[in-house]
1. Looking only at the stretch 43-84, which residues are β-branched (V, I, T) and within 26 Å of E173 (Cα to Cα)?
2. From A186, A204, A249, which residue is free of Cβ contacts under 8 Å to residues at least 60 places away in the same chain and not polar (S, T, N, Q)?
3. When you go through (1) buried (at least 16 other Cβ atoms within 10 Å of the Cβ); (2) in contact (Cβ under 8 Å) with a residue 12 or more places away in the chain; (3) not hydroxyl-bearing (S, T, Y) one by one for A101, which number turns out not to apply?
4. So, F84, is that one surrounded by 13 or more Cβ atoms within 10 Å (Cβ to Cβ), under 17 Å from P110 (Cα atoms) and of a type in the set (F, W, Y) or not?
5. Please name all residue pairs, on different chains or six or more residues apart, with Cβ atoms under 7 Å, provided the first residue is in the stretch 110-127 and is in a loop (DSSP other than H, G, I, E, B) and the second residue is crowded, with 22+ Cβ neighbours inside 10 Å.
6. Taking the stretch 221-262, which residues are under 19 Å from E198 (Cβ atoms) and either small (G, A, S) or outside any helix (DSSP H, G or I) (or both)?
7. When both residues are 6+ apart or on different chains and their Cβ atoms are under 6 Å apart, which pairs have a first residue that lies in the stretch 252-266 and is modelled with pLDDT under 75, and a second that is assigned to a loop (DSSP other than H, G, I, E, B)?
8. Does E96 fit the bill of being farther than 17 Å from G27 by Cβ, modelled with pLDDT under 90 and surrounded by 15 or more Cβ atoms within 10 Å (Cβ to Cβ)?
Amino acid sequence: MPRESGSPRVDAESDFLRARRQQVLAGLAARVRGATDDVVQSMSFDEVVTALGRRGEHYAGTRVIPLDAIVGSVDKVKDFDRRFRPTSTRSRERWERLALASRKGEEIPPIEVYQVGDYYFVRDGHHRVSVARSLGVKLIEARVTVVDTLLAPVDVEARTDLELKHWRRLMLERVPFTGEARAAVAVDTPALYGEIAETVEAWATRAMHAEGAYMDKDTMARRWYEEEFRPVVDLIEEAGVRGPTERPAEAYLRVACERYTLIRDHEWSAEIMDQVSKGKRRRK
């Protein structure tokens, strides 16, 4: 806990001023580093859950949770930064009243949070979280509602991460990859997920036309991965044309585009891969 002057009221006022000063300095430091605002802003629960895809929720009871795991808010994103320091003096009176109660050892009711993976988002109790962090508290009692999502809630640190998750979710709704295939089609550029979905659907359309049979989404995802993606990635590796930082799915999309641009064909073979890697047109 910060130093005490002997007067809890004076100390509570100092707590608020210190929290505000730290918030302002943190914002300035972020701008000096060239960091975007979403790195220091509190995260929006709605934005995160929308990007990940909401499946359901259930109440998990009252727990003691780490304050460092609370990263965002349901409805007060602009009132506190990522570390729940107040971004203005609008709620100073309420903040100081809670700080005074905490310093006096009065009982503070549990906060209410949504849990998404290892992250927590405050439904009620933003000022209690802010005061607790300012006083150096590590844990806080909370009523927890767990939210289940389509995508795993990992590596979500900024809005740019949410965009990637959002497009991946949309791709998986169109092409329901599972297991090994689901992990293999990861990319680092959001728009590429749209290209993957379109590529798979186009491949399935050609296959259904050739076979004269319908293919459901699950079959489409499985067969494209086994019959198209995995063999082509092996050809790419053998030809040594995957970039040093390219993911397999990124290399597949690039090479597939180059193949069609050069050869105007949807077939794959060692000969075609050799022509693509050399950038030569196939002679008729």
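The values are calculated or read from the model by the stated rules, or taken from the named source; none is laboratory data. Quantities reported herein were computed from a predicted structural model and do not represent experimental measurements. Please note: Cβ atoms are built from the backbone with ideal geometry, for glycine as well, and neighbour counts cover all protein chains shown.
1. If we filter the stretch 43-84 for residues that are β-branched (V, I, T), which is where we start, we get 48-50, 62, 64-65, 70-71, 74, 77.
Correct list: V48, V49, T50, V74.
2. On the way: A186 fails: free of Cβ contacts under 8 Å to residues at least 60 places away in the same chain; A249 fails: free of Cβ contacts under 8 Å to residues at least 60 places away in the same chain.
None of the other options fit; the residue is A204.
3. Failing condition for A101: (2).
4. yes
5. What qualifies is P110/A142; G125/I111.
6. A221, R247, A249, A251, A256
7. L262/R281; I263/R282
8. Working: farther than 17 Å from G27 by Cβ: yes; modelled with pLDDT under 90: no; surrounded by 15 or more Cβ atoms within 10 Å (Cβ to Cβ): yes.
No.
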